[in-house]
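To start, the structure under review is shown below, and the notes come after it.
Each value in this text was obtained by applying a stated rule to the coordinates, not by laboratory testing. This structure is a prediction, so every number in the text was calculated from the model and none was measured. Cβ sites come from the backbone with ideal geometry, for glycine too, and all protein chains shown count toward neighbours.
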Amino acid sequence: MAAIKIKNITLGTVPRVVGIIDQPMPIARLQKFAAGGIDIFEIRADLFNKPIDKVVAYINMIKGVIRSPLIGTIRETDYNRANRIDWLISLSRHVDIIDVELGIPEWRDVVKGIAGSSTIIMVSEHDFNSTPDMPGLEDIVKRSIAQGAGIVKIAAMARTASDVTRLMRFTEECGVPIVTMAMGDVGKISRVVAPLFGSLFVYGYLRKPIVPGQLSALAVAKALKLYY
C-alpha cells in the first residue's frame, strides 16, 4: 500500500486522530487540541448551517495559523440540499481530503470538479443499522474505488463483539487505504484498536459526540499514545 502524505503527516505510519469541528471554534482552542495530540481536523460544514463562503473564510483563518491537515465534509441537510454539490466542490479547494458519500447520484460531478487538484477523495459509507458481512464490505470498497476513492471510509453499527472483530479483520486484509470504525457502545473499542489493523486514522469529538459510540478526540489521543 503506497504511503499517503498530507501536509506534514504521512498516513499509515502511526495512528492519527481526527478532531471534528462541528461549529466554528476560536483558533486558540484549536491550537490546544493540536497540542493535545489531535493531528487532523474535520470541518463538518453541514453542521455550521452557514453559506459556503462563510465556511471557507473560517477555514482560511484556521490555515493561517494551524498547519494541521483538514478534511471537508458536507452531509445533506434541508439547509444545503439545493447547493450541496457545488458547495462540496468549492470546499474541496480549501481542504486536503474531501469526504464524498458512496452512491450519491452526483458523484461524477464532484470528481470532475475536483480533477486536477491535490485534494484526496475519501468515499464514505455509513451503516447505522448493522455491520455488513465480508462480501458486503468488499463490495463497499469495490464501489468506492470505482467512485474515485483515494481513501475508503466505512462506519458501521456494531450489535455484537463479532461485528467489531469482523470489521477489524476486514480492515487488516483490505489492501487499500482505509478508515474504519464500529459505531455504538459495543464498537467503542474500535476507536482505539482500529489503527492496529490498518485504519489510517480515528475520529473523536471536540464538543459533543456526532455518532453513537464516538469518544472524545483528546481521550482517543491519550489512549493511542499509551498503547502505541
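Among L102, L91, rank each residue by its count of other Cβ atoms within 10 Å, from fewest to most, as a rough exposure measure.
Ascending number of Cβ neighbours within 10 Å: L102, L91.
Name the residues whose placed amide hydrogens come within less than 5 Å of the amide hydrogen of S216, ignoring near sequence neighbours (fewer than 5 apart) on the same chain.
Distant-sequence amide H within range of S216: Y205.
Work out the length of the dipole vector of segment 81-131 about its Cα centre, built from +1 on the beta-carbon of each Lys and Arg and -1 on the beta-carbon of each Asp and Glu, and round it to the nearest 20 debye.
The calculated dipole for segment 81-131 is roughly 220 debye.
Of P15, F170, I154, which is farthest on the positive side of the dipole of the chain, counting Cα position, with +1 on Lys and Arg Cβ, -1 on Asp and Glu Cβ, and the Cα centre as origin?
Farthest along the dipole direction, towards plus: P15.
Test of understanding: ordering H94, H126 by Cβ neighbours within 10 Å, fewest first, what list do you get?
H126, H94
Which aspartates and glutamates, if any, have their Cα less than 16 Å from the Cα of K222, not counting same-chain residues under 8 positions apart?
D39
Suppose every Lys and Arg Cβ carries +1 and every Asp and Glu Cβ carries -1, with no other charges. What dipole size does the chain come out with about its Cα centre, to the nearest 20 debye?
Taking the Cα centre of the chain as origin, the dipole is about 860 debye.
Counting each pair of different Cα atoms once, what's the Kirkwood radius of segment 55-198 in Å, rounded to one decimal?
After inverting the pairwise mean of 1/r, the radius is 16.1 Å.
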